[in-house]
Structures are given as C-alpha cells and as structure tokens.
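The next block holds one structure in the form of structure tokens; read it before the comments.
The values are calculated or read from the model by the stated rules, or taken from the named source; none is laboratory data. Just so it is clear, the structure is predicted and the values come from calculations on it, not from any experiment. Every residue, glycine as well, gets a Cβ built from its backbone with ideal geometry; the counts of neighbours run over all protein chains shown. Areas reflect the complete protein model, heavy atoms only, side chains present, ligands, DNA and RNA absent. Shrake-Rupley method; radii C 1.70, N 1.55, O 1.52, S 1.80 Å.
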Amino acid sequence: MGFRWTSPLAQVLAVGVICFCCPGMFNALNSLGGGGQVDSKVGQNANVALYTCFAIFGLLSGAIHNKLGPKWTIFIGCLSYVLYVGSLLCYNHTQAGAFTIASGGILGVGAGMLWTAQGAMMMAYPREQDKGKFIGYFWAIFNMGAVLGSVIALAINFNVTEVQSLGDSTYIVFLVIMGVGTLTALSLAPASSVTHSNGDHIKVQEFPTWIGEIKAILKLFSEWKMVVLIPMFLSSNWFYSYHFSTVNGRYFSIRTQSLNNILYWASQIGGSYSFARVLDYQGVNRRTRALWGLSIISTAFIATWVGGIFFQRTYTIDMPKPNHDFKEGASYVGPLFLYMFYGLNDAAWQTYIYWMMGAMSNDATVLSRYAGFYKCIQSCGAAISWRINAVRTPFMTELIICFALLGLSVPGALFLASRIQDHSDEDIEPEKNSQDLEKF
C-alpha cells in the first residue's frame with residue numbers, strides 16, 4: 001500500500017517534524033543556559049514559570065486534547081513557543097525580564113497542550129509490537145531539531161569566545177523555523193480519521209463531559225499504575241537545570257556550549273532509537289523486555305552520574321566561570337563525553353517511560369490522560385529543580401539530588417515492570433480486565 005497521510009506512521013512522523021521545529025528549537029536555546037542570555041537568572045526564572053504552568057495545564061491538557069483533537073491542541077501549543085523566543089529577542093533590546101518570565105508561563109500552558117497531544121498520538125497510534133519503534137522515530141526527528149538549532153547557534157557564534165548573549169540573528173532564525181512547525185500542525189488529521197493498513201481505526205472514546213473528563217483525570221492520582229511511576233516522572237526532567245545551566249552553561253564558552261549541544265542531542269537520537277528497538281524485540285515476552293530495559297537504563301545512569309561526581313569536584317559555584325573552550329584539546333574530551341552520556345541517558349529514560357505507559361492501554365483518550373499526568377508530574381520536578389538552580393544551590397548538592405531521585409525511581413518502575421502483560425488492558429476479555437495488581 002502506498003503513502004497515506006492518515007496512516008499512524010505518517011501522523012507520528014508529522015508530529016515529529018512539528019516538535020523538530022518548536023520544542024526542538026526551544027531545547028537548543030534552553031540548553032545554552034538562560035536561553036542564551038548572559039544574565040541566566042532571567043532564563044532560569046522563566047523556566048520556573050514555564051514548568052509551574054506546565055504542571056497545572058499538563059494535567060488538564062488531556063481533557064483539552066480529548067475535546068479539541070490533536071490539530072488544534074498542538075497548533076495552540078506551537079504558538080506559545082513562538083511567543084517565548086520572541087520575548088528573548090525583545091530582551092536583547094529592552095532588558096524586559098518580566099515579559100520573558102510571563103512568556104515562559106504562557107509557554108508552560110502551550111507546552112502542556114502540545115506534549116499531551118503528542119504523547120497520546122505516539123503511544124496510541126502504533127500497533128503494540130511497534131510502540132517502541134514509533135517512540136524511537138519520533139524522538140529521533142524531534143531531537144534533530146535541537147541538533148539543527150545547536151548547529152545554527154554554533155555557526156552564528158563560532159568566533160565568539162567571550163561571555164555574551166546570543167545575537168538577534170540566532171533568535172530570528174529560530175522564530176522562522178518555529179513558524180513553519182506551527183503551520184504544519186494545521187495539517188494533522190483527526191484521530192477518528194487515522195486508520196491502520198487493514199482499515200482498523202485508532203481507539204478513541206467519545207468525549208463525555210468536562211466534569212466527567214476532569215473526574216477521570218483526577219482518578220489517576222489513585223491509580224496504582226500511575227502512582228508507582230511518580231518518582232520516575234518527577235525525575236525525568238529534573239536534571240535539565242543541572243545539565244544545561246550548571247554543566248554546559250557554567251563550565252564552557254558560548255560557542256562550545258553549542259557544539260556540546262549538537263552532540264548531546266545527537267546522542268539522544270541514537271540512545272532513543274537503539275533502546276526502543278530493544279523494547280520492541282519480539283523474541284521474548286513484554287514483561288522480560290520491560291525488566292531488561294529497566295536494568296539497562298539503571299546501569300547506565302549509575303555509571304554516568306558516578307562519573308559526574310568526579311567531574312563536579314573540579315569546579316564550584318563560588319569559582320569564576322571557567323569558560324572552557326573546545327580548542328583546549330584533550331582536556332575538553334572527558335567533559336564532552338560525560339555530557340553526551342547525560343543526553344543518551346535522558347533519551348533512554350523517557351523512551352522507557354513512554355513505552356511503559358503505552359503498554360497499559362491502546363486507547364488514545366486514556367493515553368492522553370496518562371501523557372498529561374506524566375507531564376504534570378514531570379513539570380513539577382522541573383519547576384522545583386530550576387528554582388533550586390536559580391537560588392545558587394551548590395553544584396554538588398544539585399548533582400546529588402538528581403542522582404538520588406533517579407535511584408528512588410527504580411523500585412516503582414520495577415514493581416510495574418514485573419506485572420506487565422503481553423497485551424494492554426482493553427485488549428483482554430472484559431471479565432479478565434481487572435484493576436487488581438495480579439491482573440495487570
């Protein structure tokens with residue numbers, strides 16, 4: 001069968017392109033530390049506003065998506081990314097920090113909508129045996145946006161070695177790319193029109209009422225499958241403030257930050273895609289794959305963060321900014337590889353979370369609620385971590401908090417992984433579809 005725009009793969013790839021243009025460009029900026037501004041405190045406080053609003057509206061965005069559908073939910077979300085980058089461009093000329101912080105809050109609302117819709121599509125559209133593959137495809141395309149954004153920043157700022165903000169031209173290029181992504185969102189098909197190659201439709205429940213939808217969302221706080229994953233959700237963006245502000249933004253020169261980010265996000269592409277293939281391996285049952293996956297990511301983050309402890313001992317918050325440059329040669333290689341492994345671990349961690357949620361249901365309506373709940377908890381963690389970063393917490397303390405949260409995530413994930421079945425709940429006969437732990 002030829003190409004169909006309403007096929008699950010085409011729709012997920014389209015969302016990947018949209019996220020390439022909008023969140024991908026945002027990630028490239030955010031990973032420079034302070035959105036590319038010398039006064040990183042404005043960017044840090046904007047991130048606090050962003051993730052605080054993201055937490056609130058992430059939870060509600062499942063209901064919004066189930067009412068509006070993916071096209072308008074994602075389109076509105078994309079507009080908020082354009083506004084935020086525009087506020088950074090404005091800040092270059094006016095130093096209006098309040099506008100940037102307010103734009104960060106608005107972005108939190110929009111990002112909650114976009115990422116909830118994206119998560120529902122990525123988890124609900126593929127067949128069960130292809131969920132890891134679709135996650136890998138999306139993550140690769142999405143992170144190519146951050147790679148491209150970092151290449152653009154590096155090219156424009158290649159001859160800049162002293163500490164200074166990004167120039168207007170960088171922000172303008174990012175605005176244009178985000179505009180393309182925003183318009184692309186208008187081409188997305190309704191979930192009811194998306195069909196598999198054999199004509200099967202995506203599972204979508206009829207929207208009940210706003211009260212009924214909100215009740216269904218609030219019930220997630222008592223659903224054991226969600227509760228045991230809360231530490232994992234909380235930790236999944238907590239480390240970004242440490243990666244982007246404390247490591248990349250503090251330790252390296254502006255052009256080296258861009259080079260580092262090219263490799264950080266490229267590592268995410270490889271990490272997500274290769275790990276997704278492990279999770280989709282059909283030679284063993286899904287429970288075994290879940291346990292294998294948890295073992296791999298746990299081993300990887302322990303090794304990486306132990307290495308991070310040794311690196312963090314080389315500089316502190318009270319020291320002048322080291323401003324290390326890639327032209328220093330051999331002394332640059334070690335910190336670079338550590339930063340790349342931070343990126344790889346992040347991709348594998350989030351790929352595993354999405355795959356686990358996708359193993360619980362195939363219904364787009366249910367999965368939009370799961371995605372919104374995930375983004376709510378994730379953003380709570382990110383808001384707290386960026387605030388911790390903004391109040392000049394000692395760098396080693398930041399690292400230990402990140403490491404501890406990752407470690408605390410493992411027991412809950414293990415509890416759920418050991419109960420994964422080969423088919424999601426609604427595909428089991430109704431009389432067997434129990435909420436009891438033993439039946440999942």
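General observations
- Here's how it looks for H324: its modeled amide H is under 5 Å from those of F252, S253, which are all 5 or more places away or on a different chain.
- Against the chain, whose longest principal axis is taken from its Cα atoms, helix 40-68 shows a tilt of about 10°.
- Reducing region 40-76 and region 170-206 to their Cα centroids gives an inter-centroid distance of 17 Å.
- For region 38-92: rounded, prolate or oblate by the Cα gyration tensor [a/c cutoff 1.5]: oblate
- Over the chain: helical MRE at 222 nm, DSSP H runs n ≥ 4 each giving -39500 (n - 2.57), nearest 500: -23500 deg cm²/dmol
- Distance between modelled label sites at N285 and K41, nm, 7 Å Cα→Cβ extension: 5.7
- When E328, E206 are compared by accessible area of protein heavy atoms, the largest-first order is E206, E328, using a 1.4 Å probe.
- Separation in nanometres of the label points that stand 7 Å from Cα toward Cβ, at S418 and K67: 4.2
- Applying the Karplus relation 6.51 cos²θ - 1.76 cosθ + 1.60 with θ = phi - 60° to region 191-203 yields 3J(HN,Hα) values of 4, 5, 8, 7, 10, 6, 4, 8, x, 5, 8, 5, 6 Hz, where x marks Gly and Pro.
- For G167, nonlocal amide neighbours, meaning residues 5 or more places apart or on other chains whose placed amide H falls under 5 Å from its own, do not occur.
- Cα-Cα separations in the chain greater than 28 Å, expressed as whole percent: 46
- Mean separation of Cα contacts under 8 Å (6+ apart) over length of the chain, as relative contact order %: 28
- Positive-end extreme of charge dipole, the chain - chosen from L29, P231, T6 (charges on Cβ): L29
- Rolling a 1.4 Å probe over the protein heavy atoms of the chain, with every protein chain left in place, gives an accessible area that is 67 percent carbon and sulfur.
- Of I172, I106, L218, farthest towards positive along the dipole that unit charges on Lys, Arg, Asp, Glu beta carbons give the chain: I172
- Within the shell of other residues whose beta carbon sits under 14 angstrom from the beta carbon of I388, the net charge comes to +2, with Lys and Arg scored +1 and Asp and Glu -1.
- Compared with the dominant principal axis of the Cα atoms in the chain, helix 168-184 is inclined by about 10°.
- Taking every protein chain into account, the accessible area of the chain amounts to 37 square angstrom per residue (probe 1.4 Å).
- Spin-label model, I309 to E128: label points 7 Å out along the Cα-to-beta-carbon direction sit 4.1 nm apart.
- The angle separating the long axis of helix 8-21 from the principal Cα axis of greatest extent in the chain is about 20 degrees.
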